[in-house]
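First up is the structure itself, then whatever we jot down about it.
Every number in this text was worked out from the coordinates using simple rules, so none of it is lab data. These numbers come from a predicted model, not from an experiment. Neighbour counts run over all protein chains shown; Cβ positions are idealised from the backbone, glycine included.
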Amino acid sequence: MQQLPDLEMVAAKVHEAWMQTKRAQGVISRLSETGEELMVPYAQLSEPAKELDRMTVRTVYAAIKAVGK
């Protein structure tokens, strides 16, 4: 099986896509449960907020690996 792309790079792209979708829906601000603004570039997120995007990527990677077996 081919090596999957870097987790952090894909997590940043996932976050970017999420923001684009939210903006298309008219959302201009989205706060986390702790009050952190999430509608910012990935690099500006806290580690806990980044981890949410990483978990999404890990889930997809696990599914890809399971299908590839």
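Among the residues making up segment 14-38, a single one is within 14 Å of Ala49 (Cβ to Cβ), surrounded by 10 or more Cβ atoms within 10 Å (Cβ to Cβ) and among the β-branched types (Val, Ile, Thr): Val14. Restricting attention to segment 1-31, the residues that are closer than 30 Å to Ala66 by Cβ and not in a helix (DSSP H, G or I) add up to 6.
Of all residue pairs spaced 6 or more apart or on separate chains, those with beta-carbon atoms under 9 Å, a first member in segment 15-36 that is among the polar types (S, T, N, Q) and a second member that is assigned to a helix (DSSP H, G or I) are Ser32/Pro48; Ser32/Ala49; Ser32/Leu52; Thr34/Pro48; Thr34/Ala49. Within segment 39-69, being free of Cβ contacts under 8 Å to residues at least 60 places away in the same chain, closer than 17 Å to Gln3 by Cβ and loosely packed, with under 11 Cβ neighbours inside 10 Å holds for Ala62, Ala63, Ala66, Val67, Lys69.
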